[in-house]
Amino acid sequence: MANLGFIGLGVMGGRMADRLLTKGHRVTGYNRTRDKAKRLVDRGLTLADSPRAVSAAADVTFVMVTNSAAVEAVANGPDGFIAGLAPGTVIVDMSTISPALSRDVAAKVRERGAHMIDAPVSGSVLTLEQGKLSIMVGGDRATFDKVKPILEDIGPKVTYVGGNGLAVSMKIATNISVAVQMLAFAEGVLLAEKSGIARDVAVDVLTHSAIGSPMLQYRGPFVLQMPDEAWFNVNLMQKDVQLALEMGRQLDVPLPTAAATNEWLTAARAMGLAAQDYAAVFDALARAAGVQR
């Protein structure tokens, strides 16, 4: 049993903390909205009043928040997790943020005598609940080796990709691919539907065809019925696509399909769909095509 912390108990973070509790670990948690953590408290999680209190109580602290600004908010200042770190403790940041910021936070953690790895995930609520989540890790190899068994309690596929910030870079590269796939899938469904094929038939054929990636198999049916709670909303996906476009500019890598997908994510936001799962690019494209949801 490990002594763990978890900062950010949202859609994915809350389920990860739940898996760690199920595996028998002791978990101290923090969430900006305390009420969202009630179910985990009932499961045995100790709720702390600040990120600092979490990192001060834990040997390994996980962080899973929405964006770069959120990481800075929970990391810095008198109540941030950096202030609570003791020498030898570890931060595992699972957020998808700017690689440069990830390296900057890791440097501040090292100044405290602690260690940090970036460990974003590839998958969804469904793959997490099925125990099939994939985790990529960047940072010091010895720290990776130390926390790998705990990461494997969250997901079975844990891959070391290199130094600090490189796992975040890998996650951003992954997410532009799934965003582009979703838009292309929406195009195919709408083309089939307007030619006279029932939407559910088109979805069934496409998700079981050569293009039927694991992501499309679980997210493709969202064009028929959206989940009550977004697994990964339009705002979050556009944040990742824009991180990719910025990386592309810095590294001289053209990203034409990512740029096109970014425009349709903007269209979805303009239509009031920002809080819906990013499969809502289908709705944006459908409206342009004169097709009803």
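Quick notes on this one:
- Taking the chain and dividing mean pair separation by its residue count, relative contact order in percent (alpha carbons under 8 Å, at least six apart): 13
- Over the stretch 1-143, Cα pairs under 8 Å with separation of 6+ residues give a relative contact order of 20 percent.
- Working note: Karplus 6.51/-1.76/1.60 with θ = phi - 60° gives the stretch 228-239 the couplings 4, 10, 4, 6, 7, 7, 4, 4, 5, 5, 5, 4 Hz, where Gly and Pro are set to x.
- Of the beta bridges in the stretch 68-182, as assigned by DSSP with both residues counted there, near 25 percent are antiparallel.
- For the chain, the solvent-accessible area with a 1.4 angstrom probe is 44 square angstrom per residue.
- Average Cα contact separation per residue, the stretch 67-219, under 8 Å, 6 or more apart, as relative contact order %: 17
- Close amide H pairs (under 5 Å, H built 1.01 Å from N) link Thr61 with Gly5, Val90, Ile91, Val92, residues at least 5 positions away or on another chain.
- Two-site label geometry, Asp228 and Asn76: point separation in nm, points 7 Å out along Cα→Cβ: 3.9
- The listed peptides 247-253, 236-242, 158-164, ordered by packing as a protection proxy, come out as 236-242, 158-164, 247-253 (highest mean of other Cβ atoms within 10 Å first).
- The stretch 243-293 and the stretch 44-101 have Cα centres separated by 31 Å.
- To put it simply, the accessible area of the stretch 16-81 at a 1.4 Å probe is 46 percent carbon and sulfur.
- Euclidean distance of C-alpha centroids, the stretch 28-42 and the stretch 114-184, integer Å: 24
- Backbone geometry of the stretch 280-288 corresponds, through the Karplus equation with coefficients 6.51, -1.76 and 1.60 at θ = phi - 60°, to 3J(HN,Hα) couplings of 5, 4, 4, 5, 4, 5, 4, 4, 5 Hz, x marking Gly and Pro.
- For the chain, the share of DSSP beta bridges that are antiparallel, to the nearest 5, is 15%.
- Calculated Cα extents along the principal axes in Å (choose from (i) 48, 43, 35; (ii) 64, 46, 32; (iii) 71, 68, 32), label: (ii)
- Measuring between their Cα centroids, the stretch 1-23 and the stretch 197-242 lie 27 Å from each other.
- Whole-Hz couplings from phi, Karplus 6.51/-1.76/1.60, listed for the stretch 114-130; x for Gly and Pro: 9, 10, 9, 10, 9, 9, x, 10, 10, x, 8, 3, 5, 5, 5, 5, 7
The values are calculated or read from the model by the stated rules, or taken from the named source; none is laboratory data. Since this is a predicted model, take the numbers as computed values, not measurements. All Cβ positions, even for glycine, are placed from backbone atoms using ideal geometry, and neighbour counts span all protein chains on display. The accessibility values were calculated without ligands, DNA or RNA, using every heavy atom of the protein model including side chains. Shrake-Rupley method; radii C 1.70, N 1.55, O 1.52, S 1.80 Å.
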